1. In nanometres, what is the gap between the two model label sites at R260 and A188, each 7 Å from Cα along Cα-to-Cβ?
2. Which value, in debye to the nearest 20, gives the size of the charge dipole of the chain about its Cα centre, when Lys and Arg are +1 and Asp and Glu are -1 at the Cβ?
3. What does the accessible area per residue of the range 155-262 come to in Å², with a 1.4 Å probe and no ligands, DNA or RNA counted?
4. For K138, go through the aspartates and glutamates and keep the ones whose alpha-carbon is under 13 Å away, minus same-chain ones fewer than eight residues off.
5. Pick out, from I244, Q218, L37, the residue whose Cα sits farthest towards the positive end of the charge dipole of the chain, with +1 on the Cβ of Lys and Arg and -1 on the Cβ of Asp and Glu.
6. Once you place label points 7 Å from the Cα toward the Cβ at C10 and V181, how far apart are they in nm?
7. Sequence neighbours fewer than 8 away in the same chain don't count; with that in mind, list the aspartates and glutamates whose C-alpha is under 13 Å from K196.
8. With P(r) over Cα pairs in 10 Å bins from 0, in percent in mind, check (i) 7, 31, 40, 20, 2, 0; (ii) 6, 19, 22, 20, 19, 12, 2, 0; (iii) 7, 31, 34, 19, 7, 1, 0 and report the label derived from this structure.
Amino acid sequence: KDCRFSVVYCYDTSRFSRRQYHAQLYKYLLKKRRIDLRFLKLPRTDTILDPIIESLMEAFDEFHSQKSKMDGLRGMRENVEQGWRAGGRAILGYQLDKHIVGLREGQPVTKSKLIPDPKTFHSIQTYLKGRARGESRKALIGSLQLDIPYTTLAYIEDSALTYAGHTVWNRHNEYTDGSYVDGKRYRASKEWVIKKNTHEAMITDEEAAEILQRREEQHKQRRRYRKNHYLLSSLIRCACGANIDGDSGYYRCHARCDRRSI
């Protein structure tokens, strides 16, 4: 209501949005506030023709965005099928080993594979083997003195196939407008692209399968309790001072101290 500007300048329509729906939505909101939107690289003709030109350019922007996305995904798939990584940081326990595979405009083009990280490889290996045997996270954290959040440990377990020496791509679901498609973080396993034996393994295929099976059982158990309403969440505190949260049908300490669940 107390807006300090009356005009928004954009270089062209692609700088405002590359999704036609979003462009129309936000232009409507600006117009509602009587804020003018101007594109520096579009000619201004008259009030009738300008919206038509903008709509055409927005359609081209969305087409170009989707085409670039498809080209990028195709390149990632090709890299994985050749035994390289599709990109991103190394998972905990490994580090990136980069190889120069060519030149582009005089600059080296690099691709990477995973190699063991001497600082963390053996501790993560011991943790995963313990989880495959059915040992609890809490016991393993204590015995190995791991300073790793629970969420990271869960992600490590979800990446068991990678720790078995395989490169896995297309596992994560598409993330759009602040949420995963169908509300699921991972795609169905039949959609994954897996290249076998691309780097040194921490665990065997059998151990990886056991870990993934346990993770699936945990997800099913969470879904079973999802209807519970935790009326006391954020209202009560543990003796250690942390909040007590609702979790899988129980109240548990947010800091995961040694006290029993309620």
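The values are calculated or read from the model by the stated rules, or taken from the named source; none is laboratory data. The structure presented is a predicted model; accordingly, all values stated were derived computationally and were not measured. No Cβ is skipped: glycine too gets one built from the backbone with ideal geometry, and neighbour counts run over all protein chains shown. These area figures cover heavy atoms from the full protein model, side chains too; ligands, DNA and RNA do not enter into them. Shrake-Rupley method; radii C 1.70, N 1.55, O 1.52, S 1.80 Å.
1. 4.4 nm
2. For the chain, the charge dipole is close to 800 debye.
3. 67 Å²
4. D147, D258
5. With unit charges placed on the Cβ atoms, the residue in question is I244.
6. Between C10 and V181, the label points sit 2.5 nm apart.
7. E81, D205
8. It is the one labelled (ii).
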